[in-house]
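Note sheet for the following structure.
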2 protein chains.
Amino acid sequence: MTAAHDLDAADTLRSYRDLFVGTDSPLVYLDGNSLGRPLKVTAERLSSFVTDEWGDRLIRGWDERWMALPRVLGNEIGRVALGAAAGQTIVGDSTTVLLYKLMRAAVALRPGRTEIVLDRDNFPTDRYLADGVARECGLTLTWIDVDTTSGVTADLLAAALSERTALVVLSHVAYRSAWLADGAGLTRLAHDAGALVLWDLSHSVGSVPLALDAWDADLAVGCTYKYLNGGPGAPAFAYVAARLLDEVVQPIQGWMGAADPFLMGPSYAPAPGIQRILSGTPPIVGMLAMQDMLALLGEIGMDAVREKSLGLTSYAIDRAADLLPETTVASPVDPMLRGGHVTLNHPRMREVTQALWQRDVVPDFRDPGGLRLGLSPLSTSYDEVERGLRAVREVLDSLG
Amino acid sequence: MTAAHDLDAADTLRSYRDLFVGTDSPLVYLDGNSLGRPLKVTAERLSSFVTDEWGDRLIRGWDERWMALPRVLGNEIGRVALGAAAGQTIVGDSTTVLLYKLMRAAVALRPGRTEIVLDRDNFPTDRYLADGVARECGLTLTWIDVDTTSGVTADLLAAALSERTALVVLSHVAYRSAWLADGAGLTRLAHDAGALVLWDLSHSVGSVPLALDAWDADLAVGCTYKYLNGGPGAPAFAYVAARLLDEVVQPIQGWMGAADPFLMGPSYAPAPGIQRILSGTPPIVGMLAMQDMLALLGEIGMDAVREKSLGLTSYAIDRAADLLPETTVASPVDPMLRGGHVTLNHPRMREVTQALWQRDVVPDFRDPGGLRLGLSPLSTSYDEVERGLRAVREVLDSLG
């Protein structure tokens with residue numbers, strides 16, 4: 001196997017790593033799928049925003065730039081990362097709040113249907129929301145059982161779908177296993193059953209190329225603080241296919257989703273287009289940082305990003321086989337079925353994670369017994385992966 | 001009448017103005033009730049956050065500080081500005097989303113009751129939300145008609161309340177007139193009828209002292225980008241009285257409102273206490289700036305802030321009587337009934353506002369014919385008010 005330093009030397013994207021804060025420190029950061037590193041230029045972007053834009057333009061900033069920013073950034077995410085034509089994507093609220101709005105909207109688009117389908121290993125917030133939406137709308141949940149090392153296949157979904165299915169809620173990349181779902185195939189299956197699909201793209205956007213329009217996707221939501229490096233709690237994005245925009249209605253009827261926010265009229269009428277997904281005042285300060293990463297991703301292109309991502313995850317899997325034979329790979333070994341992270345299982349991984357953090361090696365832990373290595377394509381080096389896995393070896397040895 | 005420069009010279013808070021970005025520029029800013037000016041230290045706070053906290057602590061920042069920040073900041077807002085004991089206030093989401101959650105929660109706390117009471121001049125997002133919540137929960141709206149120059153009085157509220165009232169939604173300071181509602185009195189009236197009150201504090205917090213606990217308030221929401229200077233779209237706060245915390249349930253069941261977010265268990269159980277109002281990942285970057293203003297308000301105290309606020313609004317009203325006799329004051333002349341802004345009506349105020357903006361005098365406009373002067377107590381000087389009103393005079397003269 002090629003050594004880490006040779007792989008880094010051959011990596012055509014290696015120079016991008018220097019653009020991120022802290023990549024020159026000894027810290028090994030393997031949790032970019034929880035929170036991406038900031039770009040160095042982001043510090044200056046935020047401070048000049050305070051002084052030159054907020055401080056100088058004041059309320060005029062809304063007319064000049066901020067009011068359009070949710071749609072401008074949405075279009076940019078759509079173009080760079082989602083394979084989505086303009087006018088279908090918007091930034092605002094948390095992933096959770098946007099998922100809630102789109103779940104409610106989807107259920108309303110399928111009156112008479114009584115079930116929401118999702119898998120038991122979907123991300124907790126998705127499951128909790130679906131449970132709440134089902135209860136308040138008088139629907140039931142149909143659960144798909146998946147192995148925690150894989151995800152929802154066509155066969156599993158087909159068995160769960162019926163003429164009662166209103167909505168299928170799926171993660172594109174599973175948060176534990178990194179299982180990469182078949183976006184086009186599962187969407188088609190659901191459509192054949194007359195159901196809508198709501199994709200959670202949180203663990204794929206910015207690391208796996210997406211093609212929402214080509215999938216004939218209906219609805220999607222994704223997170224911007226992982227592979228889009230928007231900073232802790234940065235606002236999420238929502239996608240609604242153009243063909244649904246006229247009908248989609250979400251329940252949080254606020255002024256910014258209204259047809260004319262400053263008419264301040266007596267009653268609410270939803271804005272035309274994707275703007276109707278908004279509710280309150282757009283979180284502008286939180287939307288600043290992601291612009292730096294989107295510019296980079298646009299420059300590089302998602303195919304090259306994916307190639308690096310696969311290089312990193314393949315390297316981690318290969319080296320784990322050598323260095324950590326007592327662990328099992330809980331992620332798909334087939335690269336075509338794998339997102340941007342790798343999970344290694346071992347009964348003592350909770351202790352291992354704690355010990356690693358103490359020596360400035362920072363992966364994540366997910367029950368049961370999963371050491372989750374999030375490998376950000378542009379800021380993670382092969383050497384960083386190597387040092388991380390060697391540290392796992394040392395910790396496992398020290399635990400005896 | 002004392003001249004503006006003498007009032008500024010006598011103002012014990014005058015030195016605080018220098019702490020804000022742009023107060024040394026010729027710009028006259030009279031819209032701090034839409035978007036407060038940034039403090040100069042905020043630029044450095046945001047840039048060092050990127051480099052030293054997000055960039056250095058990375059995912060560890062959640063355990064070390066960020067996970068607690070919604071409650072820590074909520075407690076600080078409660079202590080400094082709301083008259084609320086700790087454990088009842090939390091920061092997260094937009095004002096609109098928090099209003100939605102608390103409206104839904106309130107309606108669920110009054111089963112069998114069928115009406116939401118609010119006034120026709122309440123802020124649009126409040127009215128639109130109430131309309132949507134009423135429809136989805138099978139309730140009706142009972143509207144209070146108010147004069148656009150005043151607000152909801154005890155008599156008006158008493159006439160609207162009945163044994164059918166589940167919830168009353170009130171603004172503490174009316175967004176157009178600056179009418180200051182009687183927090184304690186109206187809360188008591190609603191309670192006597194068995195209803196709950198949801199206060200929107202957006203136009204009062206940081207300019208008018210509040211005493212939520214002393215009012216026996218139930219629920220409240222407020223904005224942090226006006227008089228708390230949190231920056232455009234900064235996240236809002238929600239208050240739930242301690243006596244309601246065990247029963248209150250909101251519909252957006254996300255992981256951050258769950259009892260153990262990282263248990264990632266099969267089903268949602270709401271967290272104990274105010275944490276259950278959260279849904280998604282807290283918007284940390286958007287929560288940074290308000291800390292600088294909260295520190296100042298805590299140092300100065302809300303009584304001194306209110307005194308300056310009343311000085312500014314009284315001065316504006318007195319000078320408008322001299323300089324702008326053709327305008328009418330659409331705000332209460334009695335200072336005890338007035339919040340932190342003053343609205344002057346004239347049929348041509350829309351044109352006037354446009355002309356003022358072109359000469360770097362920035363008030364706001366609100367239909368019908370209202371020039372709204374938002375006077376931020378710590379960043380607005382008497383001289384700024386004087387220059388603004390003289391500019392209005394010149395523009396009115398030039399319009400002929």
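A few points about this structure:
- About the Cα centre, charge dipole magnitude for region A:46-296 (Lys/Arg +1, Asp/Glu -1 at Cβ), debye: 280
- Taking the DSSP bridge list for region A:46-296 and keeping only pairs wholly inside it, about 35 percent are antiparallel.
- Taken as entire DSSP H runs, the helices of chain B that both span 18 Å or more between Cα atoms along their own long axis and average 0.0 or more on the Kyte-Doolittle scale are B:95-109.
- Each residue of region A:225-242 is assigned a 3J(HN,Hα), and the resulting list reads 9, 8, 7, 9, 6, x, x, x, x, 4, x, 8, 10, 10, 10, 10, 4, 3 Hz, derived from the Karplus form 6.51 cos²θ - 1.76 cosθ + 1.60 (θ = phi - 60°), x at Gly and Pro.
- 5 Å binning of all Cα-Cα separations within region B:46-297, expressed as whole percents from 0 upward: 1, 6, 14, 18, 19, 17, 11, 7, 4, 2, 1, 0
- Estimated from helices alone, the mean residue ellipticity of chain B at 222 nm is -10500 deg cm²/dmol (sum of -39500 (n - 2.57) over DSSP H runs with n ≥ 4, per residue).
- Taking a point 7 Å out from the Cα of B:Asp145 in the direction of its Cβ, the residues of region B:112-133 whose backbone N falls within less than 18 Å of it are B:117-122.
- Reported to the nearest whole Å, the Cα centre-to-centre distance from region A:92-125 to region B:1-50 is 45.
- Amide H contacts under 5 Å for A:Leu167, placed H, 5+ residues apart: A:Glu115, A:Val117, A:Leu196
- Mean partner shielding of peptide A:56-63, defined as the number of other chain Cβ atoms within 10 Å of each residue Cβ, is 6.
- For A:Leu13, the point set 7 Å out from Cα toward Cβ sits 5.1 nm from its twins in the other copies, listed from shortest up.
- Rounded Å value of the spacing that divides the Cα centres of region B:127-165 and region A:163-233: 41
- For the pair region A:241-271 / region B:344-377, the C-alpha centres are spaced 27 Å from each other.
- Across peptide A:255-265, the mean count of Cβ atoms from other chains lying within 10 Å of each residue's own Cβ comes to 4.
- In this structure, the amide hydrogen of B:Ala330, modeled 1.01 Å from its nitrogen in the peptide plane, lies closer than 5 angstrom to those of B:Thr343, B:Leu344, B:Asn345, counting only residues at least 5 positions away or on a different chain.
- Residue mean of other protein chain beta carbons inside 10 Å, B:298-309: 0
- Percent antiparallel among DSSP beta bridges (both partners in the protein assembly as shown, rounded to 5): 50
- Percent breakdown of C-alpha pair distances by 10 Å bin, ordered from the shortest bin, for region A:86-165: 17, 44, 33, 6
- Converting phi to 3J(HN,Hα) with the Karplus coefficients 6.51, -1.76 and 1.60 and the offset θ = phi - 60°, region B:260-274 yields 9, x, 9, 5, 6, x, x, 9, 7, 10, x, 4, x, x, 5 Hz in sequence order, with x at every glycine or proline.
- Across region B:341-400, C-alpha contacts under 8 Å between residues 6 or more apart give a mean separation that, scaled by the residue count, equals a relative contact order of 36 percent.
- Label-point spacing at A:Ala184 relative to the other copies reads 6.9 nm, in ascending order, each point sitting 7 Å out from Cα along Cα→Cβ.
- The relative contact order of region A:46-296 comes to 22 percent, based on Cα pairs under 8 Å that sit 6 or more residues apart.
- Cβ-Cβ FRET estimate between A:Leu263 and A:Ala86, R0 fixed at 25 Å, reported to 0.05: 0.50
- Label 7 Å beyond Cα on the Cβ vector: B:Thr51 copy-to-copy distances, nm: 1.3
Rule-based calculations on the coordinates, nothing more; no lab input. For clarity, every value in this text was computed on a predicted model and none was experimentally measured. With ideal geometry, Cβ positions are generated from the backbone for all residues, glycine too; neighbour counts draw on all protein chains shown.
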